[in-house]
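The values are calculated or read from the model by the stated rules, or taken from the named source; none is laboratory data. All of these numbers come straight from a predicted model, not from anything done at the bench. Reconstructed Cβ throughout: ideal geometry from the backbone, glycine too, with neighbour counts over all protein chains shown. Surface accessibility is based on the protein's heavy atoms, side chains included, excluding ligands, DNA and RNA. Shrake-Rupley method; radii C 1.70, N 1.55, O 1.52, S 1.80 Å.
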Amino acid sequence: ELRSDGRREYLTGDIMDLVYYNQTSPAWSALPYGTDDIGRYGCGPTAMAMVVSSMTERIIEPPEMASWAAQTHPWAKESGSYLSIVNDAAQAHGLTAYSIVDHTPDAVFSVLSGGDLVVALMGPGHFTRSGHFIVIHGLTLTGNLLVADPNSTERSLMEWDPQLILDELSKSRHNGAPLWGISAANYD
C-alpha cells in the first residue's frame, strides 16, 4: 500500500518501506533533466532517488538526482538516462550496484531475501514502449513481486508475476543491465 507521513510517500513491502517518487508529480515533472524534463525523461533519476532515499540516511528527491545525473553524464539528451546511472548513482551515495546475471525468479528472490533492492530496465510491455527503469522492492507470500514504477502509482500498487517482469526486461546488456542488485554493503 501507499502511505504518507505528510512529507513523503512510502510503498510498504517485504524488505523495507520504500520512499516512493513519481516522475510526473506536479512538484517536479516540469523541472529540468539536462535540457529535457523529469516528467517525460526522468525515470532513471527518479528510480535512483527512491533507492538512495530508502537505503541510506539521505533523502534525495528526483530534481536533485536529475541535476547530479546531468552534471556527471548519465543523462542522455531526449532519451532519458544512460545505463551507467545505476552504478554511478549507487557508488556516489555509498551503495553497491551489481549485475544480476541469472534472470530467473529464484535469482531475484535471493537478492530481495538478502535485503537488497533490485533495479530493472524494462523493455516494451506493461511498463513502457521503449525503455524504463523500475525498482523491485519486495516479494509477496504468494511469490509475486512488488515494484515501484516511477511513472505509475497504479502499477506500483499491483503485485507482479516474476516471470512477466523477467520476460519484459530490456535486451540491453551494457553496464550491468537489465537487472541490478543494490546493496548497502560495501564490497571493496
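Quick notes on this structure:
- Qualifying residue in region 85-92 (condition: within 22 Å of LEU164 (Cβ to Cβ), buried (at least 20 other Cβ atoms within 10 Å of the Cβ), out of contact with any Cys (no Cβ under 9 Å at 6 or more places or on another chain) and modelled with pLDDT of 95 or more): yes
- Condition broken by SER172, with the remaining ones in (1) surrounded by 20 or more Cβ atoms within 10 Å (Cβ to Cβ); (2) touching a residue at least 60 places away in the same chain (Cβ under 8 Å) satisfied: (1)
- Here is the figure for region 96-110: residues that are aromatic (Phe, Trp, Tyr) and out of contact with any Asp or Glu (no Cβ under 9 Å at 6 or more places or on another chain) total 1.
- Within region 29-46, if we keep just the residues that are in contact with a Gly (Cβ under 8 Å, 6 or more places away or on another chain) and part of a loop (DSSP other than H, G, I, E, B), the residue that is surrounded by the most Cβ atoms within 10 Å (Cβ to Cβ) turns out to be GLY42.
- Within region 175-188, considering residues that are of a type in the set (A, V, I, L, M) and within 11 Å of MET122 (Cβ to Cβ), the one surrounded by the most Cβ atoms within 10 Å (Cβ to Cβ): LEU179
- Residue count for region 123-144 under the criterion of being more than 20 Å from SER172 (Cβ to Cβ) and more than 11 Å from the chain's Cα centre (by Cα): the result is 7.
- Considering region 132-169, and only residues there that are of a type in the set (Ser, Thr, Tyr) and touching a residue at least 60 places away in the same chain (Cβ under 8 Å), the residue that is nearest to ASP102 (Cα to Cα) turns out to be THR140.
- Within region 145-169, the residues that satisfy the criterion of being charged (D, E, K, R), open to solvent by 30 Å² or more (accessible area, probe 1.4 Å) and more than 14 Å from the chain's Cα centre (by Cα) are GLU154, GLU159, ASP161, ASP167.
- Selection status of VAL52, modelled with pLDDT of 95 or more, over 19 Å from SER130 (Cβ atoms), assigned to a helix (DSSP H, G or I) and in contact with a Lys or Arg (Cβ under 8 Å, 6 or more places away or on another chain): yes
- Residue check, THR24 in contact (Cβ under 8 Å) with a residue 24 or more places away in the chain, within 20 Å of GLU154 (Cα to Cα), open to solvent by 30 Å² or more (accessible area, probe 1.4 Å) and among the β-branched types (Val, Ile, Thr): yes
- If you check ARG7, ARG3, ARG58 for being in a strand (DSSP E or B) and either without any contact (Cβ under 8 Å) to a residue 60 or more places away in the chain or closer than 17 Å to LEU121 by Cβ (or both), only one passes: ARG3.
- Within region 108-131, tally of residues that are open to solvent by 10 Å² or more (accessible area, probe 1.4 Å), in contact (Cβ under 8 Å) with a residue 60 or more places away in the chain and closer than 25 Å to PRO74 by Cβ: 2
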